[in-house]
Ligand code: HEC
């Protein structure tokens with residue numbers, strides 16, 4: 001009698017324990033999804049704002065000289081990083097923005113840049129045929 005009641009208590013304990021574990025997993029997943037969603041939203045907002053501006057190729061050129069020539073070469077013909085001529089035919093604007101701000105392909109760093117300057121850079125890259 002006492003044996004069966006203790007195993008019932010054990011079973012109860014196990015179900016409670018499982019419930020808690022599932023609850024914790026659920027909360028962790030929820031947090032991950034929220035972080036992903038917020039990030040995604042922020043990225044899209046940045047891309048959208050960048051594409052709203054009609055950048056200046058000259059300002060973009062200056063930005064390129066300051067930030068990118070070390071790796072892509074003074075005429076963007078490539079050095080450590082690849083030649084960027086006709087890059088705009090291979091990658092769409094969204095992908096180029098992600099490339100510059102994402103830091104997804106080391107050693108190329110991620111750049112903190114505002115939408116206006118990003119659109120200037122894009123305009124410059126479009127001017128490279
Ligand atoms: C520290 C070196 C470095 C700097 C600085 C750098 N890049 Fe890069 N970049 C790279 C490398 C290396 C790659 C190739 C990454 C890969 O795909 O493996 C690359 C790739 C790219 C690509 C994609 C090329 C392709 O063929 O897919 C673009 C566009 C680009 N860089 C633009 C820029 C711009 C614009 C800047 C300045 C704001 C910049 N990069 C600064 C090293 C650099």
Members of the range 25-57 found to be in contact (Cβ under 8 Å) with a residue 12 or more places away in the chain and in a helix (DSSP H, G or I), listed by number: 43, 46, 47, 49, 50, 51, 52, 57
Some residue of the range 73-95 being closer than 19 Å to residue 116 by Cα, in contact with a helix residue (DSSP H, G or I) (Cβ under 7 Å, 6 or more places away or on another chain) and surrounded by fewer than 16 Cβ atoms within 10 Å (Cβ to Cβ): yes
Contacts under 8 angstrom Cβ, first residue in the range 64-91 being farther than 14 Å from residue 122 by Cβ and in contact (Cβ under 8 Å) with a residue 24 or more places away in the chain, partner near the ligand (Cβ under 6 Å from one of its atoms) and outside any helix (DSSP H, G or I), 6 or more apart: 71/80; 71/81; 71/107; 71/108; 80/107; 81/68; 81/108
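Values quoted throughout were computed directly from the atomic coordinates according to the rules given, and no laboratory measurement underlies them. Every value quoted in this text rests on a predicted model; they were computed, and no experiment measured them. Cβ atoms come from the backbone with ideal geometry, glycine included; neighbour counts cover every protein chain shown.
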